[in-house]
Amino acid sequence: MRQRSSFARTVSKASITALRGTRLWRSNLNPFPIRSARPPNAQLAEINGNRIVYKKTLAGSDVVTCPVEGFGSTPSDHQIRIENSALKAGMSIHGDRPLRSINLWSIRSNISMEPFIGVSVAPGSEFIWTST
């Protein structure tokens, strides 16, 4: 006989953006002031208020990565905007659940903001969330 148990996880909908022909992502914008226990490589990017600003075009094996902190415990902070002002291109991520964590990862051709939410589901129950 199989026993049912509760389910608890942290899940992410990684948002990876790649635009051919561009290598410079200037910033990402969040509704909260960004902090990080492990800031990005200072030669490549810096945290500036509610933005992470790239200082140079990433090339070769350059990597910008850092955990993003500073968001609150309500869904209102689950709004992320990634922009390339030179291309006038960008994308938004909106979720209806509070954030558990966010990670930024980027290389010369891609940028990824990875928002994670907490999920806890009792046996026979359902958990629904939206991320667009």
Next item on the list: Looking at (1) surrounded by 15 or more Cβ atoms within 10 Å (Cβ to Cβ); (2) modelled with pLDDT of 90 or more; (3) in a strand (DSSP E or B), find the lone condition where H94 falls short.
Entry: (1)
Notebook entry, point to check: Could you say whether any residue in the stretch 62-79 is in a strand (DSSP E or B), of a type outside the set (D, E, K, R), over 12 Å from the mean Cα position of the chain (by Cα) and within 17 Å of S106 (Cα to Cα)?
Noted result: yes
Notebook entry, point to check: On the given criteria, is I82 assigned to a strand (DSSP E or B), on the phi < 0 side of the Ramachandran plot and either touching a Pro at 6+ places or on another chain (Cβ under 6 Å) or modelled with pLDDT under 90 (or both)?
Noted result: yes
Notebook entry, point to check: Among (1) on the phi < 0 side of the Ramachandran plot; (2) surrounded by 13 or more Cβ atoms within 10 Å (Cβ to Cβ); (3) in contact with a strand residue (DSSP E or B) (Cβ under 7 Å, 6 or more places away or on another chain), where does F32 come up short?
Noted result: (3)
Note to self: I'm checking my understanding of the structure. Among residues of the stretch 34-57 that are among the aliphatic types (A, V, I, L, M) and at pLDDT 95 or above, which one is farthest from L99 (Cα to Cα)?
What the structure shows: A42
Notebook entry, point to check: Restricting attention to the stretch 43-91, which residues are of a type in the set (D, E) and surrounded by fewer than 17 Cβ atoms within 10 Å (Cβ to Cβ)?
Noted result: E46, E69
Notebook entry, point to check: within 27 Å of L44 (Cα to Cα) and among the acidic types (D, E): does that describe E114?
Noted result: yes
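The values are calculated or read from the model by the stated rules, or taken from the named source; none is laboratory data. All of these numbers come straight from a predicted model, not from anything done at the bench. Note that we place each Cβ from the backbone using ideal geometry, even for glycine, and neighbour counts take in every protein chain shown.
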